[in-house]
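Shown next, in C-alpha cells, is the structure this report addresses.
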C-alpha cells in the first residue's frame with residue numbers, strides 16, 4: 001500500500017521532500033526547547049494535503065511522539081499508521097455524544113471544548129473505572145472552539161468538574177500570531193497564563209503556540225507547542241526570510257507551445273490580450289488540481305508566476321479546470337515536454353497564495369489527487385508512483 005496518486009502517467013508531478021519536512025520540525029523543536037518546551041505536530045487534513053502516512057512517518061523518525069488531527073476519523077487512521085505505545089494522538093474538534101468508547105478503543109485523546117463534553121467524558125470514565133487521557137481547550141479570543149469565558153469561570157470556580165480526569169494538555173489557540181505586533185497576541189498570552197494558574201496543571205503541559213506562535217517569544221511557549229503550517233514549509237510571519245525549507249515542488253511538462261500575436265487573446269473570456277508576438281505554453285494544471293482560479297487573470301495586482309530553470313514566466317489568461325497557460329517568450333529554448341516549476345524554491349506556496357489572494361494553508365491542502373506524487377528522502381521508498 002502506498003500514498004502515491006493513481007496517475008502514474010500524469011504530465012504533472014508533485015514532489016514532496018520528507019527530509020526537508022523533518023528538518024522543519026526539528027527547527028521548531030529546537031526553538032521550543034530553548035524556552036524549555038517540547039514540540040508536537042499537527043497532521044490534520046491528510047498531513048496538510050501531502051499524505052498523512054509519509055508525513056507522520058517522517059516526523060516520527062525525526063523524534064516527534066505527539067500528534068494532533070482535527071477529526072476523529074483522521075486520528076483513527078493515524079493510530080493505524082503509528083500504533084506504538086509511545087505515540088500520543090489527539091483530535092481537536094471535540095467530543096461528540098456516543099464517541100467516548102471510540103476514543104478509548106483507539107487510544108486517542110479527545111479535546112474537551114465545553115462543559116457538556118467534560119461531563120460526558122467524566123461520566124464515561126466513571127462507568128469504565130478508568131481515565132483515558134483527554135485535552136482541555138479554553139477559548140482566549142478565537143470565539144470558535146473551546147470553553148468560552150463564562151464556562152471557564154464556572155470551571156475554575158468548580159474544579160471538581162475535572163475530578164477523575166487525566167488531562168494531558170491545557171490548550172488555547174492564537175488568533176493573529178503571524179502578525180507579530182498585534183496587541184491581541186499579548187492579551188491572549190496573559191489570559192491563558194491566568195487561566196492556567198487557576199486550574200490544576202495538566203499532565204503533559206500547557207499549550208498555546210502554533211507555528212507562528214513559536215516565533216513570538218519565550219512567553220508564548222509554555223510547556224509545549226503545536227506547529228502545523230511551518231512544518232510543511234509555510235512562512236511563520238513577515239519579519240524576514242522564511243526560516244523553513246520548501247517541502248513541495250510542482251513540476252508540469254509543457255503540453256503545447258503556441259506562437260500568437262496581437263490582437264489574439266488567450267483563454268476563457270478573452271481575459272488576456274497579447275500585445276505582440278508571444279509564446280504561450282500550456283500545462284496540465286488547473287483549478288480541479290488546486291491551482292486556484294484566482295491566481296490567473298483577475299483583480300490581484302500581481303498574477304502567479306512559474307519558472308523554467310531560473311527564468312520566471314508569468315501565468316496568463318484564466319486558469320481553467322485542467323489547464324493553465326503561461327507566457328514563455330523569455331525562455332525561447334523551451335520545448336514541448338520540458339518542465340515548468342509551478343511551485344518550488346523560487347515560487348513558494350506563500351508566493352502562489354499571495355497571487356491568488358489567499359493563504360499558503362489553502363494552497364497546500366488544495367493540491368489535488370491527479371498529480372503523480374514523488375516522495376524524496378528517508379522513508380520515501382515505495383511511496384512514489
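Which one of 259, 191, 19 has the biggest mean-square fluctuation once the chain is modelled by GNM with Cα springs under 10 Å?
The residue that fluctuates most here is 259.
Using Cα centres only, tell me the gap between the range 318-368 and the range 215-248 in whole Å.
24
Let me make sure I get this right: for the range 100-159, a, b and c are the square roots of the gyration tensor eigenvalues over alpha carbons, sorted descending. Under 1.5 in a/c it's rounded, otherwise prolate if a/b > b/c, else oblate. Which is it? Provide the component values of the computation, followed by the final result.
Numbers: a/c = 3.02, a/b = 1.67, b/c = 1.80.
In terms of gyration-tensor shape, oblate.
From the list [x] 58, 49, 42; [y] 80, 43, 38; [z] 77, 47, 37, can you say which value of Cα extents along the principal axes in Å was derived from the structure given?
Label [z] holds the value from this structure.
Which residue, 368, 49, 309, has the most motion in a Gaussian network model of the chain that connects Cα atoms within less than 10 Å?
309
Order of 351-359, 131-139 by packing, highest average Cβ count within 10 Å first?
On the way: 351-359: 19.1, 131-139: 22.1.
Sorting 351-359, 131-139 by mean packing, highest first, produces 131-139, 351-359.
Can you tell me the 0 to 90 degree angle between the C-alpha axis of helix 18-34 and the longest principal axis of the chain, rounded to 10?
Tilt of helix 18-34: around 40 degrees.
Over what distance in Å are the Cα centres of the range 253-316 and the range 137-174 separated?
50
Give or take rounding to whole Å, what are the principal axis extents of the alpha carbon atoms in the range 248-376, in descending order?
That gives 40, 30, 23 Å along the principal axes, largest extent first.
Gap in Å between the Cα centre of the range 66-125 and the Cα centre of the range 178-211?
Distance between centres, Cα-based: 22 Å.
Mind ranking 178-188, 149-159 by how tightly packed they are, going by the mean number of other C-beta atoms within 10 angstrom, highest first?
The densest-packed peptide leads the list: 178-188, 149-159.
log10 I(q)/I(0), Debye, Cα-only the range 35-232, no solvent, q = 0.11, 0.19 Å⁻¹?
Reported log10 I(q)/I(0), two decimals: -0.47, -1.42.
Test of understanding: express the Cα radius of gyration of the range 185-279 as a ratio to 2.2 N^0.38 Å, with N the residue count. Kindly include the intermediate steps, with their values, before the conclusion.
Numbers: Rg = 24.5 Å, N = 95, 2.2 N^0.38 = 12.4 Å.
Working it through for the range 185-279, the quotient is 1.97.
Looking at the chain only, what percent of DSSP beta bridges run antiparallel? Nearest 5 please. Show your work: numbers first, answer last.
Values: 29 of 57 bridges.
Roughly 50 percent of the beta bridges in the chain run antiparallel, per DSSP.
Each reported figure results from applying straightforward, stated rules to the coordinates on display, with no laboratory input. Because the structure is a prediction, the values reported are computed rather than measured. Cβ: placed from backbone, ideal geometry, glycine included. Neighbour counts: every protein chain shown.
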